[in-house]
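Only one structure is covered here, and it is reproduced in the block below.
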Amino acid sequence: MEQSYWHLGVEDFFTGLERERRAFLLRSRRRALPKFAAVFDQGEPSRSCYYLEKGLVRIYGVSSQGKEPIFFMRRAGELFGLAEVLESPLRRAGAQTLTPSVLHEMDRSALEDFLDENPRAARKVICILGRRLRYLSDQVEGLMAGDVGARLAKLLLCLCAESFSGPAARQGPVAVPLKLTQGQMAAMVGSCQQTVCQFLKKFQEEGLIRVELKRITLLDPASLISRAEC
């Protein structure tokens with residue numbers, strides 16, 4: 001992807017860290033959860049972090065008005081619950097499975113020992129937290145600019161990040177690997193479903209995407225990147 005989108009790259013946390021993977025799984029507890037199960041709730045003590053072996057998890061907040069903005073989607077191979085677990089404050093967000101999922105839970109003391117004994121994994125955790133901070137910074141910048149179209153374009157690019165392995169991928173087409181409702185996309189870009197629907201239609205008319213049976217395909221990723229950077 002373009003240099004400005006370095007922070008959207010997605011890969012399994014343990015790629016190239018097979019010894020560290022074995023050590024993490026040995027110290028963690030495997031959990032199989034059904035669709036729409038709570039992993040943790042906003043406001044509860046942050047006692048653990050998680051490695052997602054299979055499935056899809058949303059990280060979301062709950063506002064005083066009862067709205068549930070979605071901050072991240074965590075896919076197989078990702079670690080989550082990291083930001084707060086080392087200092088154990090209350091959770092600032094909740095986590096819920098969106099598909100049947102398998103995850104590995106590691107408590108705070110075990111995580112501290114794991115990072116002390118595995119410096120390569122510790123460095124990768126620091127990089128991941130930096131990427132996620134950059135992503136949130138982009139989201140805040142987009143909210144301040146008030147451009148829902150740019151935020152939606154960034155979201156579509158983010159969801160396809162793992163497909164952008166080389167320049168050829170930017171020529172398209174690239175299928176969005178997740179099926180999200182317009183309501184879920186609206187929650188992720190800080191808008192409403194009607195506005196997201198209008199922009200999806202506009203992107204189709206401009207030849208940027210194709211929507212078929214809730215499946216979105218990026219037809220012109222390079223132009224969508226330009227739209228996201230407007």
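The values are calculated or read from the model by the stated rules, or taken from the named source; none is laboratory data. Quick caveat, the model's predicted, so the values are computed rather than measured. Every residue, glycine among them, receives a Cβ derived from its backbone with ideal geometry; neighbour counts consider all protein chains shown. With ligands, DNA and RNA removed, areas are computed over all heavy atoms of the protein, side chains included. Shrake-Rupley method; radii C 1.70, N 1.55, O 1.52, S 1.80 Å.
Taking the listed residues Val85, Val39, Val62, the one that is within 17 Å of the chain's Cα centre (by Cα) and not polar (S, T, N, Q) is Val39, with no other qualifying.
Would you check if Glu68 is of a type outside the set (Lys, Arg), open to solvent by 10 Å² or more (accessible area, probe 1.4 Å), more than 14 Å from Met106 (Cα to Cα) and touching a helix residue (DSSP H, G or I) at 6+ places or on another chain (Cβ under 9 Å)? So Glu68 fits the description; yes.
In the range 165-230, counting only helices (runs of 4 or more DSSP H) that sit wholly within it, the ones holding 1 or more residues that are at pLDDT below 85, surrounded by 15 or more Cβ atoms within 10 Å (Cβ to Cβ) and among the basic types (Lys, Arg) span 221-228. When Thr15 is tested against (1) open to solvent by 20 Å² or more (accessible area, probe 1.4 Å); (2) under 15 Å from the mean Cα position of the chain (by Cα), only condition (2) is not met.
Where strands (runs of 3 or more DSSP E) fall wholly inside the range 32-151, the ranges with 3 or more residues that are out of contact with any Leu (no Cβ under 8 Å at 6 or more places or on another chain) and at pLDDT 85 or above are 94-97, 101-107. Reported count of residues in the range 71-103, each being farther than 22 Å from Leu133 by Cα and crowded, with 20+ Cβ neighbours inside 10 Å, is 3.
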